[in-house]
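The values are calculated or read from the model by the stated rules, or taken from the named source; none is laboratory data. It should be emphasised that the depicted structure is a prediction, and the values quoted were computed from it without experimental measurement. Glycine gets a Cβ as well: all are built from the backbone with ideal geometry, and neighbour counts include every protein chain shown.
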Amino acid sequence: MNNQILMWSMLFLPWLTLFFMNKEEIKRFMPVALFSALTSVLVVETGESLGWFIYGETTYPLRTSSYHIFGLNCVTTIWLFHFIYGDFWKYIIIDLVLNFGFIYLFHVYFLGGRGIFHEVGITPFINALITTTDGVLIYAYQMWQEGIFVRYERKKNLRVLQSEAAKPLDHEKQEDNEH
């Protein structure tokens, strides 16, 4: 299979799996997926600048490793949070296993064998630990996001003060029945 077809597939095909997820869950976890993409871009830029790894081929005409950051990374984050969010230790263990699997099997052997990705100044073990540290950061971000959603729900349930003239007519009938 052509490397370009493979990379474009990794960019777009994962998004098709979200048709199997509830729309509300996608909305709930999309911010953390985008935050994950942002932090991953920062790690990739840092890694390339420090000579940790080299991308031998990119998704033409893009110059970044967008095929896995904006495709696999985002969608995997959404699914991971969909199934595991709320149990931090289970999340860490599964994230660690996925990171080691992704880096050792996918990056080193599969993509490295095709000349797409090469780790040169960092070991796969250290790369997996950095990625897992990023996973802890994005979990903390989602906890912060959940706090925003809880406050919004509380605010929505509060009765809004309004003038008596603005209240609906059937409200007066309910008050009469209560007395």
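Things to note:
- The listed residue being at pLDDT below 80 and under 19 Å from residue 15 (Cβ atoms), out of 36, 65: 65
- Only one of 97, 75, 43 that is at pLDDT 85 or above, farther than 18 Å from residue 136 by Cβ and of a type in the set (Val, Ile, Thr): 75
- Scan of the range 35-51 for residues that are among the polar types (S, T, N, Q) and closer than 17 Å to residue 73 by Cα, ordered by number: 36, 39, 40
- Inter-residue pairs, beta-carbon under 7 Å, first more than 13 Å from residue 55 (Cα to Cα) and assigned to a helix (DSSP H, G or I) and in the range 112-134, second aromatic (Phe, Trp, Tyr) and at pLDDT 85 or above, 6+ apart: 124/104; 128/100
- Residue 86 vs. criteria modelled with pLDDT of 75 or more and either in contact with a Lys or Arg (Cβ under 6 Å, 6 or more places away or on another chain) or not in a helix (DSSP H, G or I) (or both): yes
- Filtered residue count, the range 1-21, keeping only those that are surrounded by 10 or more Cβ atoms within 10 Å (Cβ to Cβ), assigned to a helix (DSSP H, G or I) and not hydroxyl-bearing (Ser, Thr, Tyr): 12
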